[in-house]
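Undergrad: My questions all concern the structure below.
The values are calculated or read from the model by the stated rules, or taken from the named source; none is laboratory data. None of these values were measured; they are calculated from a predicted model. Every residue, glycine among them, receives a Cβ derived from its backbone with ideal geometry; neighbour counts consider all protein chains shown. Quick note on the areas: whole protein, heavy atoms, side chains included, nothing else; ligands and nucleic acids left out. Shrake-Rupley method; radii C 1.70, N 1.55, O 1.52, S 1.80 Å.
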Amino acid sequence: MSVQVVRQSKFRHVYGQPEKKEFCYDDIRVTKSSWDSMFCSVNPKFLAVVTEAAGGGAFIALPLNKFGRQDKDTPIIAGHKQSVTDIQWCPFNDNVIASASDDCTVKIWQVPDGGLFINMTEPIVTLEYHQRRVAFIQWHPTANNILMSVGADHKIVIWNVGTGEPLKVIDGHTDIIFSAAFNYNGSKIVTTCKDKMIRIFDARSGELLEKGKSHEGTKSARAIFLKDGSILTTGFSKMSERQYALRDETMLDDPIIMVEVDTSNGILVPLYDPDTSVVFLTAKGDSQIRYFEVNMDQPPYVHYINTFLSSEPQRGLGYLPKRGMDTSINEIFRLYKLHGTGKVEPIHFLVPRKSDNFQADLYPDTASDIPALSAEEWWNEKKDANPVLISLKGGYQAKSAQTLQVAKKSNVLDKMPSKGGAAGGGAVNDADELDGVPEAETNGNGTTNGTKHSLSPDSKLAPNLEDSAVVTELQDEVKRLRKMILSMDKRIKALEEKQGIKPGSVEDGEASTKQNGAH
């Protein structure tokens with residue numbers, strides 16, 4: 001009779017391999033902010049890193065293949081008045097990124113293919129509702145243009161980026177929110193709070209579905225949904241020992257397991273791959289990355305695999321979506337480690353296999369860059385759907401840039417009800433109310449990512465308000481174009497000075513165009 005001593009798993013021998021120096025990124029002025037964020041976001045096209053900036057908040061967006069030392073005058077995205085706290089690429093448009101800031105706003109930016117040539121200061125849309133710092137943001141996993149922002153004002157706001165309007169404000173916390181995350185299909189949100197409670201909300205209605213005790217320590221805790229609906233949390237014990245726990249969403253007070261990791265100070269952040277059920281636990285300031293496999297059929301359910309060790313601690317981490325993996329080397333996860341020296345180092349996590357063929361068991365169909373639902377289907381029709389899946393066999397081909405067009409609506413804060421009825425005399429529906437504040441919608445068509453969506457025909461504004469909104473939009477567009485022209489003019493003059501060309505000395509403008517094109 002044979003006794004199985006070692007647990008069988010195809011991920012048992014996964015190991016981390018740092019990228020060679022020539023394929024790293026250097027001289028990036030990584031932010032020195034102590035805010036509890038990873039300051040990095042990656043997709044198959046771009047690497048974005050929050051940077052140090054004078055007079056406001058900024059970050060860079062580099063093409064993923066732009067390795068090596070970065071110029072000091074590398075163009076940045078700088079539109080926030082205060083420090084940037086979080087950045088997240090849109091899962092359905094690799095050229096669109098959202099940024100949150102201490103200035104209480106969330107801004108949406110569109111980066112052209114090939115990266116930036118001049119500084120970008122004008123966002124596509126600015127989302128304003130929070131009264132204090134916006135701490136974290138997360139895109140909806142299946143619905144297009146739906147974004148969640150978490151503020152230090154104890155509020156969670158669900159946005160429709162395509163219209164620039166807040167759809168729902170979830171106001172069920174009495175203290176600072178430590179984390180918030182959607183479940184696999186985006187129908188629920190799990191949060192952790194300073195009051196040591198875990199809460200589960202309905203993402204559309206904001207209804208509190210479940211509530212239970214979190215970790216007993218006073219430091220920050222994190223929580224994420226796993227693909228099967230269970231919840232993984234990280235936090236601290238009363239003795240400040242770092243822990244992770246696995247919980248059933250219907251019995252949050254009674255963890256299935258709770259394991260003490262060590263006594264370090266860094267807040268453990270879980271990074272989860274739903275395709276392989278592998279979880280990575282790491283923290284800012286750590287020089288190690290632990291990874292585990294979650295298997296609900298084999299106790300103790302969260303199985304330790306290995307630890308990746310390095311000599312330098314990380315200031316932040318970003319992880320690449322599964323569709324960006326290199327299947328030829330059996331890569332199942334890739335992290336981008338921010339060093340305090342300004343270096344960004346990719347780390348590949350590989351499964352050793354003798355065959356060079358595509359390993360179907362390592363790469364089940366994964367979430368694609370195609371949304372399963374439109375914003376209107378998710379919000380108005382109350383539909384839920386799992387992500388649209390694609391096969392990685394043959395490799396993933398990134399789509400060309402798609403323009404995000406915004407049909408901006410007035411902020412809900414500007415639509416307070418009057419004593420005589422709705423502001424402006426417009427009709428108001430119960431469905432358009434947001435926490436007791438009626439919201440009037442413009443009557444027309446909005447275009448989002450090239451797809452036309454009809455706005456509610458019941459929402460009407462008086463003609464003079466509609467004309468005023470059009471004029472304001474045109475004036476804003478003119479201002480944006482003027483700023484862009486001035487920025488390009490300054491860039492041309494700087495390039496001419498580098499080449500020793502006197503401004504305006506080149507005849508007919510043709511030679512000047514050739515000189516600038518040579519740069």
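Undergrad: Between Met258 and Thr403, what length in nm is gained on full extension when 0.36 nm per residue of separation is reduced by their alpha carbon distance?
TA: Here the answer is 47.6 nm.
Undergrad: With labels modelled as points extended 7 Å from the Cα through the Cβ direction, what inter-label distance (nm, one decimal) is found for Met296 paired with Leu208?
TA: 2.6
Undergrad: Also: With the Cα gyration tensor of the range 73-228 giving a ≥ b ≥ c as the square roots of its eigenvalues, does the rule (a/c under 1.5 for rounded; else a/b larger than b/c for prolate; else oblate) give rounded, prolate or oblate?
TA: It is prolate, given that a/c is not under 1.5 and a/b is the larger ratio.
Undergrad: Run the simple label-point estimate for Lys66 and Trp35 please: 7 Å along Cα→C-beta, distance reported in nm.
TA: 2.3
Undergrad: So for the range 8-127, taking the charge dipole from beta-carbon charges (+1 Lys/Arg, -1 Asp/Glu), which of Ile97, Ile118, Tyr25 sits furthest toward the positive end?
TA: Positive-end residue among those listed: Tyr25.
Undergrad: Using a 10 Å cut-off on Cβ atoms, rank the peptides 480-486, 252-258 from the highest mean neighbour count down.
TA: Listed from highest to lowest mean packing, they are 252-258, 480-486.
Undergrad: Which GluC sites (Glu not before Pro) in the range 163-227 sit in a loop by DSSP (not H, G, I, E or B) and have at most 12 other Cβ atoms within 10 Å of their own Cβ?
TA: Glu207
Undergrad: Pull out a ≥ b ≥ c, the square roots of the eigenvalues of the alpha-carbon gyration tensor of the range 52-95, then state rounded if a/c is under 1.5, prolate if not and a/b is larger than b/c, and oblate in the remaining case.
TA: It comes out oblate by the Cα gyration axes.
Undergrad: Starting from 0.36 nm per residue, how many nanometres of slack lie between Asp171 and Thr218 once their C-alpha separation is accounted for?
TA: 14.7 nm
Undergrad: A further question on this structure: Going through the cross-link list Lys32/Lys284; Lys238/Lys337; Lys194/Lys227; Lys21/Lys354, which pairs have a Cα-Cα distance over 21 Å in this structure?
TA: Checking Cα-Cα distances, Lys238/Lys337; Lys194/Lys227; Lys21/Lys354 exceed 21 Å.
Undergrad: Accessible area per residue of the range 262-321 at 1.4 Å probe, in Å²?
TA: Normalised by residue count, the accessible surface of the range 262-321 is 40 Å².
Undergrad: Separate question: What is the distance, in nm, between label points placed 7 Å from the Cα along the Cα-to-Cβ direction at Asp195 and at Thr341?
TA: 4.7
Undergrad: Past 20 Å, Cα to Cα, is the threshold; run Lys408/Lys479; Lys155/Lys211; Lys10/Lys399 against it and keep the listed order.
TA: Over 20 Å Cα-Cα: Lys10/Lys399.
Undergrad: Sticking with this one: Under 12 Å from a label point 7 Å along Cα→Cβ of Lys479: give me every residue in the range 97-123 with its amide N that close.
TA: 122-123, by backbone N distance to the label point.
Undergrad: If you don't mind, there's one more thing I want to ask. Is the shape of the range 136-246 best called rounded, prolate or oblate, per the rule: a/c under 1.5 gives rounded, else a/b larger than b/c gives prolate, else oblate, with a ≥ b ≥ c the square roots of the Cα gyration tensor eigenvalues? Working shown, then result.
TA: Working: a/c = 2.22, a/b = 1.66, b/c = 1.34.
Taking the square roots of the gyration eigenvalues as a ≥ b ≥ c, the range 136-246 is prolate.
Undergrad: Net charge within 11 Å of Gly114 by Cβ-Cβ distance, Lys/Arg positive one each and Asp/Glu negative one each, not counting Gly114 itself? It would help to have the intermediate numbers written out before the result.
TA: On the way: positive: Lys45, Lys66; negative: Asp113.
Charge balance near Gly114 sits at +1.
Undergrad: How big is the range 190-298 in terms of Cα radius of gyration and Dmax, in angstroms?
TA: Calculated on Cα positions, Rg and Dmax stand at 13.5, 41 Å.
Undergrad: Sorted by mean Cβ packing within 10 Å, highest first, what order do the peptides 338-351, 314-327 take?
TA: Result, highest mean Cβ count within 10 Å first: 314-327, 338-351.
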